[in-house]
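The values are calculated or read from the model by the stated rules, or taken from the named source; none is laboratory data. What you see is a predicted model, and the numbers here were worked out from it, not measured in a lab. Every residue, glycine among them, receives a Cβ derived from its backbone with ideal geometry; neighbour counts consider all protein chains shown.
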Amino acid sequence: MTRPVHRVAPATDTPVRQDSLRAHNLILTFRQIVGAPVPISRIELAAATGLTRPTISRIVDELLTAGLVVEAEPARSGNSGRPRVGLSLARTGPAGLGLDIRADSLSVCVVDLTGTVRHLDFAPHRVLPGHGAESGDHAAVAEPTGRHAAPSHSGAAVADPNLGRQGVAGDEPSPGRRAVAGDEQPSPGRWTVAGDEPVAGLGRAPGRGRDLDPEDTLRSLAAMAEKAIRAAMAENLTVVGATLAVPGPVDGGMVRFAPTLGWRDVDAGGILATLIGTDDLPVGVDNDAGLAALGELYAGGPELRDFVCVSGEFDIGAGLVLGGVPLRGSRGWGGELGHVMVDSAGPACACGASGCLQCYAGLQRIIDAAPDLPSSPQQPAVAIDTLVSNGSPEILAALNRAASALGIAVSALVNLVNVDTVLLGGSYSLLTSWLTDGIDRELRSRVLTTRWSPIEVRPSLLGPDAAVIGAALQAIDQVRRDPNPWLARRG
Ligand SMILES: [Zn+2]
């Protein structure tokens, strides 16, 4: 019924104060409710935590009063005939806000305490003529009045990996961005790489991004965030924190380098916190590939424990989960799969190295292969899929090349860390049918153990929405780990 939880150990070298003990016991009890796959009774909570029944009753009363848990319908249990009242997380109360900046769009998401997506909004970038960094280019900012990709979508009822799973997977795979294909927006600014050789140099990250103006972009995102916060309030949800997903390494709230956006050293967290008109809303910033893996971990079934989620966009990132726990690295700067070398004689990459995976499998490389594809289609993956489905030999060859390169890079990873599943996320989730065979071929020939334990390659469940959902989950995680500040806030 219950699962082991990550316990918060009190400090051993100082006396435990009474209020600290109360807070600790409340955390202990709440985490059991969070981790229980079905509603859990007070008696079961006492057994799982080792606390007395009167203590459990007091804590549960506190949680009920604070609106964090609800009582399930009484049910008869065992032979005693006594009603068994289960406790589960409330669908109202605290909520997390996720924000995502991609090369082609912005998105926002709200999840409630149960991890269910309650609001999901998506806006392709629009073009502001005259803002381009290069002659004839346009700077793209998001259209703040983007439509809902999946309003009130309930797709990711999920749980903290450290707390045990809720056991409720998404009710259906994400529709991906096909749902909004055809949403006519002004043509975006063009991506600047063309030809066979990527443009090198780190200064402006040329050829990898759109030179999005940080303030304009963040202002558009803040407007979407405020709309999401209002939508949450209308459903009796209070957004308690926000996390922004960005394609690049992050240092605190600072985006160090995001070539696909053309950003370097942008204090995105600070700017957003100022722009969003809500007092004291903490805004965290994190790498999108890691957050996408977090989203997939929550949304996937309990068997999904050791996997890599490869998010393919104009950059290629990888989020690694081992034993149900996302791996972060010392500074959270791992996952740059796009800059793993796959050919020592390969072309120069924008990172300064050469032969990187990104030079073969980034979306721009595939787009560049098609003579009759615009250099910056509104829905790149959809455009690629349409073209190859119509028999384009150039795109098919580019996809095969991308798949082989992906297979080589992922094989190195799998040989090292022994994951059993490779999820193709982001735009790759829409191209899986064209990529799987090539990746699988490389895995079978390069990973030592595949003859005994094949590696499953499949599309991610959440697709392009994984990062923004993961960001929202990370934002609500603070309450799931420690509900005491929420209780204090309510006085
Ligand atoms: Zn590189």
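Odds and ends about this structure:
- Failed criterion for Ile316 (all others in (1) buried (at least 24 other Cβ atoms within 10 Å of the Cβ); (2) away from the ligand (no atom under 12 Å from the Cβ); (3) of a type outside the set (Phe, Trp, Tyr); (4) within 15 Å of the chain's Cα centre (by Cα) hold): (2)
- Scoring Tyr298 on the criteria (1) among the aromatic types (Phe, Trp, Tyr); (2) buried (at least 24 other Cβ atoms within 10 Å of the Cβ); (3) within 14 Å of the ligand (Cβ to nearest atom) leaves a single failure, condition (3).
- Against the numbered list (1) away from the ligand (no atom under 16 Å from the Cβ); (2) at pLDDT 95 or above; (3) touching a strand residue (DSSP E or B) at 6+ places or on another chain (Cβ under 6 Å), Leu322 comes up short only at (3).
- For region 474-488, a residue qualifies if it is within 10 Å of Val240 (Cβ to Cβ) and touching a residue at least 12 places away in the same chain (Cβ under 8 Å), and the qualifying residues are Ala475, Ile476, Gln478, Val479, Trp486.
- Enumeration of residues in region 265-313 that are β-branched (Val, Ile, Thr), outside the structural domain of Ile384 (by TED's automatic domain parsing) and within 13 Å of the chain's Cα centre (by Cα): Val285
- Where helices (runs of 4 or more DSSP H) fall wholly inside region 335-403, the ranges with 2 or more residues that are within 15 Å of the ligand (Cβ to nearest atom) are 358-361, 363-368.
- Scanning region 246-279 for residues that are more than 17 Å from Gly332 (Cα to Cα), in contact with a helix residue (DSSP H, G or I) (Cβ under 7 Å, 6 or more places away or on another chain) and part of a helix (DSSP H, G or I) returns Ile271, Leu272, Leu275.
- Listed by first and then second residue, the pairs with beta-carbon distance under 8 Å, at least 6 apart or on different chains, first residue in region 214-231 and under 15 Å from Trp263 (Cβ atoms), second modelled with pLDDT under 95 and among the acidic types (Asp, Glu), are Ser220/Glu143.
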